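The values are calculated or read from the model by the stated rules, or taken from the named source; none is laboratory data. Remember, it's a predicted structure, so these values are computed and weren't measured experimentally. Here Cβ is always computed from backbone atoms with ideal geometry, including for glycine, and neighbour counts include all displayed protein chains.
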Amino acid sequence: MLLDKSGRVVAATDRNTIGANHRQDPYFVEALRSNDTVFTSFENDTGAFVFNYSRKVMSNGELAGVIVVEVDLRQFEQSWAGISDAVIVTNSEGKIILSTEPRWRGLTEEEAVARTSPSSAISRAIQATADWSALPFDAYVLGEAVMRMNARIPFQGWSMTIFTPYTSVRERVNGVLALEIMGFALFLAVAFYFASRRARARSVVYQQESAELRQLNEALQREIAERQKAEHHLNIAEQTLAQSSKLAALGEMSAAVSHELNQPLAAMKTYLAGSKLLLQRKRPEEALSSFQRVDDLIERMGSITRQLKSYARKGGDAFEPIDLRHAFSSALAMMEPQLKRQEARITRHMPMEPVMVMADRVRLEQVIINLLRNALDATKTAVDPTIEILISGGETATLSVRDNGHGIEDLDSLFEPFYTTKAPGDGVGLGLAISSGIVNDFGGRLTARNGANGGAVFEMKLPILKDQVEAAE
Ligand code: ADP
């Protein structure tokens, strides 16, 4: 439209408007005030918003009129049509000038939301909000939950608000979520594939290892079985050996016994033949003394068999913890009659604490008695017969018997059965052989030597019983 300086239309694209006066309209008023092109928007009589660019026209420094160009912004509205969002553009006064919802035009945002959904409770909640510039991001339009986004347009103080229903947002979010879930599922599947591949590889290794272990185990089992068999054979062999060595010992012993018994038997035969002759010749007195000799020989044979009996008696069942000091005391008590008959000084040295050993009481005492009796016999002719007994503990239990007698003549044959230097009737030479056998049975050792100052020293060493020593203490 071209207006003259009075505001009348002189030319227009719409010929119907020619002649109309627009002196009051803002685009004319604003243009006159400015030397530049001005933009104006106002609500016309029909309630529609009109947007204009206008500029005054000067001719030779004088005002000739105003040229006005109306802008149709509704094509923007048309371009918004078809999208699911509701879009509004408000001017600096907060009035809706453009909107996808035609009924909202000319209203404020508050009025618009109220108008379209007056009954909605959620809308009422929005109405209650006084400050519309601080509208929440979430709003309800037409009872539908929507998301409100507001942007300021750097032109004329306008701002644009978009209401997006959650369903579409949700659809988009769901799409993204679905994509993410798919991606994650794919990642999981790949991870699972690799994990299962590794597990399979590992289980193959385990299977190999367990197969090897099984083989090793079987080999061990075989070895154990073989060892058990070998051990069994060894046991049988040991038993056989023990049996045969016993038999050998028996053979040796019987040879010695028969030799020992044959001699007194031969003597007895001679004495009996002599006494028979003496009786025939009526010499009973002499015959009686021969009988006495026979009696002595019988006595000697009896003592041999007695000692053999004790040698044959196998111990081991009655092993018990014994204090060596007590064993010595009771052995000494049994020697009382001999000690009374024969004057001998007996000195003893023994520790205050018990000296425990594992032994058969009777046989241990028998050994001690044998040693004491031998010492008494050896000191029979000594000037000041002295027998010294020393008992000590520590690593091994030791009992030594030292005398000041004549000393040992033959150390090598001392422990042989029937070795004796004593007169017939005084000894048969079995005491030390038996004693050494007994001490061996107890796991110990019986030794003998000659003392530096003469006399003999017999030493019995036995394994000590440590736990029992502490218990007894
Ligand atoms: P027996 O006492 O019947 O002779 P033993 O076996 O007890 O039998 O002793 C064997 C021999 O050892 C004795 O005859 C003696 O010669 C020697 N003997 C034993 N004890 C002593 C000792 N304390 N001193 C010297 N000789 C000893």
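Every listed requirement among (1) at pLDDT 90 or above; (2) part of a helix (DSSP H, G or I) is met by GLU470 save one, (1).
The number of residues in region 144-170 being loosely packed, with under 12 Cβ neighbours inside 10 Å and either among the hydrophobic types (A, V, I, L, M, F, W, C) or within 22 Å of GLU101 (Cβ to Cβ) (or both) comes to 3.
The condition (being within 60 Å of the chain's Cα centre (by Cα), within 14 Å of the ligand (Cβ to nearest atom) and either modelled with pLDDT under 95 or outside any loop (DSSP other than H, G, I, E, B) (or both)) is satisfied by just one residue among VAL362, VAL367, VAL357: VAL367.
Among the residues of region 427-442, those that are more than 7 Å from the ligand (Cβ to nearest atom), touching a residue at least 40 places away in the same chain (Cβ under 8 Å) and either farther than 30 Å from GLY393 by Cβ or not hydroxyl-bearing (Ser, Thr, Tyr) (or both) comprise ILE434, GLY437, ILE438, VAL439, ASP441, PHE442.
Taking the conditions (1) away from the ligand (no atom under 11 Å from the Cβ); (2) surrounded by fewer than 19 Cβ atoms within 10 Å (Cβ to Cβ) in turn, PRO385 satisfies each one other than (2).
The combined condition, being within 8 Å of the ligand (Cβ to nearest atom), under 23 Å from GLY454 (Cβ atoms) and either out of contact with any Gly (no Cβ under 9 Å at 6 or more places or on another chain) or assigned to a strand (DSSP E or B) (or both), is fulfilled by ASP410.
Looking only at region 203-211, decide whether some residue is in a helix (DSSP H, G or I), charged (D, E, K, R) and under 30 Å from VAL146 (Cα atoms). Looking for residues that are in a helix (DSSP H, G or I), charged (D, E, K, R) and under 30 Å from VAL146 (Cα atoms), one finds none in region 203-211, hence no. If only residues of region 388-407 that are near the ligand (Cβ under 7 Å from one of its atoms) and of a type outside the set (D, E, K, R) are counted, the one that is surrounded by the fewest Cβ atoms within 10 Å (Cβ to Cβ) is GLY407.
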